[in-house]
Amino acid sequence: VASLVGYATYLVLGDSASTQATPVASRPIGEDLENALLAGGPPDLLKADSILRSKEGEGAPEILLARVRERTLSALDVSGDPAGIDTAVQNAKNAGVPPGDVAFAELVSAILRSDAGRADQIADQHRADRSRDALFNLALAVMAERRGDPVAQELLRTALAVEPRLRPASVRLARWLILHGDAIEARKVVDTLPERDPSRKALDALAATKSW
């Protein structure tokens, strides 16, 4: 009887119970959206925005977390304006996204607002529990870059060890290596970028200026 009840429940609820048991950050959001967010270039983020506009009205926590990622990466590498991050973070939290999952976004917001005290507070609070979070390590690396701290390189490598497809971390690592005179290691990183990636030309041009 119990098995029949369980089967009937499955027929009614489908796999919603298993979805609810999966951590929000691990829930699938669709391959196209995931790939666009990992690529993180301006055209990719426009594509992500378009996909999110069609999905976020459903209020799924994983989609609202994806919106946080899009707003944060857009602010970090496109607009420099953190205005959209805070609203996206609040919407995600209201939908049940754990605070740790949006810590990277709050850190980037503080960095872009030049609020060093807030940035340090967020970094100290989450550094241990988000050590395997690629985006949090990217955010920590941005903070280190801006302070001229060489730990930036280590943080970027950690981000890429966790998620090798995180292109914004690859671009930043290559740039850091070029600026610090490590052309050989920089070339290894640049060569991981897609052949038509516009960042390749920009990085090659930067490397040419440093070779004189």
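Bear in mind these aren't lab numbers, they're just calculated from the coordinates by the rules spelled out. Here the structure is a predicted model, which is why all the values come from computation and not from measurement. Here the Cβ positions follow ideal geometry from the backbone for every residue, glycine too, while neighbour counts run over all protein chains shown.
With a Förster radius of 35 Å applied to the C-beta separation of Glu31 and Asn94, the computed FRET efficiency comes to 0.85.
Excluding residues on the same chain fewer than 8 positions from Lys201, give the lysines whose Cα lies under 20 Å from its Cα. Straight-line reach from Lys201, under 20 Å: Lys188, Lys210. Extent of region 106-160 along its three principal axes (Cα atoms, max minus min coordinate, largest first): 26, 24, 14 Å. Bridgeable lysines around Lys93 (alpha carbons under 28 Å apart, same-chain partners fewer than 8 residues away excluded): Lys47, Lys55.
Multiply the residue separation of Arg165 and Ala183 by 0.36 nm, subtract the distance between their alpha-carbon atoms, and state the gained length in nm to one decimal.
Full-extension gain reported as 4.3 nm.
May I ask for the angle, rounded to the nearest 10°, between helix 151-162 and the longest principal axis of the chain, with both axes built from Cα atoms and the value confined to 0 to 90°? It is inclined by approximately 40 degrees.
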